[in-house]
Amino acid sequence: MIYIFLLMSISTILSYLILKFVYRIIFKSKKKISKFLVFLGSIILIIFYYTPYSFYLEPSFYKFREICKLDPEIYQANGGKIDEKYYNKVLAYFDTNIDGFIRHLNKNTRNWDMLSKWQNDRLKISFTIVFKGSNKFGNITKINTLDNIAFVELFAIWRDLRPILDGNEGSGFYLSGDRENCGYFKRKHKGVKNGK
């Protein structure tokens, strides 16, 4: 109940301030602000707050969208080719390139690795490359090269944090929300091709 009251109060105050800005500063009007417009504005702000498209106000969402364009499935569906240029684009997020990555694996006699890194406090990216050429014991039987890559996977998550009133008996604010992955673009646009 407190959460609903607080949500309505904050949205009403914001609506009033926005309308005051529009009335007084932009239109230079001295008219009183309509209570109906303030109420309507507060309802619109609440709806906007809970819609996915308000994500577009978050700078980290744009970086998430750019990284998801490098998801192998989305990348190929949009006309990209999985080649050295692609690997270098992805591995740049981990401060390396494909040559350095392969040298590292060959030095440590492994045929796969997963890199994982938080890009900021809301965005995490993981990239896995598996090379052909290991026996049933996992020992490498071939030297890793760009030509014998068997599998690649890019996984990115973005936390769409929202401040909500909760905690011990509603005693405080904390940030909560879901975690979105690149599947968000596939679901939203009903197909990989449009996940731009």
**Item:** Matching residues in region 86-123 - criterion: being within 23 Å of the chain's Cα centre (by Cα), among the hydrophobic types (A, V, I, L, M, F, W, C) and assigned to a helix (DSSP H, G or I)
**Value:** 90, 91, 92, 94
**Item:** Residue list for region 97-122, filter: exposed (fewer than 15 other Cβ atoms within 10 Å of the Cβ) and over 27 Å from residue 187 (Cα atoms)
**Value:** 99, 100, 103, 104, 107, 108, 109
**Residues of region 4-26 that turn out to be among the β-branched types (Val, Ile, Thr), at pLDDT below 80 and either outside any helix (DSSP H, G or I) or within 30 Å of the chain's Cα centre (by Cα) (or both), as a count** = 2
**Request:** Being modelled with pLDDT under 85 and of a type in the set (Phe, Trp, Tyr) is the filter here, so list the residues in region 109-150 that pass it.
**Result:** 112, 131, 137
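Let's see how each residue does on (1) in contact (Cβ under 8 Å) with a residue 60 or more places away in the chain; (2) within 18 Å of residue 183 (Cβ to Cβ):
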position: 63; (1), (2): yes, yes
position: 69; (1), (2): yes, yes
position: 75; (1), (2): no, yes
position: 93; (1), (2): no, no
position: 99; (1), (2): no, no
**Prompt:** Within region 72-87, how many residues are touching an Asp or Glu at 6+ places or on another chain (Cβ under 9 Å) and within 15 Å of residue 126 (Cα to Cα)?
**Reply:** 1
**Prompt:** So is residue 153 open to solvent by less than 70 Å² (accessible area, probe 1.4 Å), modelled with pLDDT of 80 or more and in a strand (DSSP E or B) or not?
**Reply:** no
**Request:** State which residue is surrounded by the most Cβ atoms within 10 Å (Cβ to Cβ) when the search covers only region 47-96 and only residues that are among the aliphatic types (A, V, I, L, M) and at pLDDT 90 or above.
**Result:** 90
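The values are calculated or read from the model by the stated rules, or taken from the named source; none is laboratory data. Worth saying up front: this structure is predicted, and the values here are computed from it rather than measured. We place every Cβ from the backbone using ideal geometry, glycine too, and count neighbours over all the protein chains shown. For the accessible areas, the whole protein counts, side chains as well, though only heavy atoms, and no ligand, DNA or RNA atoms are used. Shrake-Rupley method; radii C 1.70, N 1.55, O 1.52, S 1.80 Å.
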